[in-house]
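A short reminder: the numbers here are calculations on the coordinates, not readings from a lab. Just so we're clear, the structure is a prediction, and the values are computed from it rather than from any experiment. Here the Cβ positions follow ideal geometry from the backbone for every residue, glycine too, while neighbour counts run over all protein chains shown.
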Amino acid sequence: MRVPRTEVESLHEELVKEDATGSTRPPDWRRSLREAIADNRYLVHLVGVGNELKTDDAAGLEIASSLRARLGASPEPGVRIHAGTPMPERLLSKLASEEGRIFVFDAVEVSAEPGAVVFRSMADTKYGFFGTHNIPLKLVPGLKERLGDCFLVGVQPTSLEVGLGLSEPVRESVKEIVAVVAEGVAERS
């Protein structure tokens with residue numbers, strides 16, 4: 001499934017903004033994500049979702065795996081990394097009943113250049129995100145009541161065809177996301 005067209009347009013507008021000189025630049029998702037992770041007033045759940053058998057749909061799984069390799073299974077008090085699960089809706093529903101912020105890493109179709117990164121609060125989305133999962137994230141039981149504490153870190157895929165391995169643009173974005181999250185975790189102490 002794809003994100004409804006009206007939401008895709010909204011997300012695409014956020015990907016490229018015009019500055020005072022009239023030139024375009026991507027918004028600073030890096031600073032926003034790092035600061036949201038670094039805020040040690042909140043327990044942080046880092047959740048990678050996707051399908052490892054559908055090329056770039058594995059982006060979220062790769063982010064979680066790389067974070068675990070870089071930071072360890074228990075990286076910092078107040079930070080938990082949740083690896084992929086065949087039913088992410090069930091995990092997210094369980095996490096919604098716990099304290100803290102939830103960061104969902106996933107491949108997301110936003111009609112942008114491959115590898116483009118979107119960082120958004122679920123509360124700021126109109127419909128929730130549709131992906132290769134069973135239901136839109138906004139409709140996950142328990143999560144819809146906590147949308148202000150749930151964030152999507154999405155990567156525009158190049159391909160969602162059956163196959164293994166990430167495309168180069170998505171692989172580069174995954175590395176950058178992992179580095180930004182690691183900086184945020186380091187700033188928590």
Relative contact order for the range 35-189 using alpha-carbon pairs under 8 Å, separation at least 6, rounded to a whole percent?
34
In the range 47-124, the GluC sites (Glu not before Pro) that sit in a DSSP loop and have at most 11 other Cβ atoms within 10 Å of their own Cβ are 99
Consider just the alpha-carbon atoms of the range 34-88 and return their Rg together with their Dmax, both in angstrom.
11.9, 37
Computed on alpha carbon atoms, what radius of gyration and Dmax characterise the range 27-122, expressed in Å?
13.3, 37
The answer for residue 101, listing residues at least 5 apart or on another chain whose modeled amide H is closer than 5 Å to its amide H, is 43, 44, 45
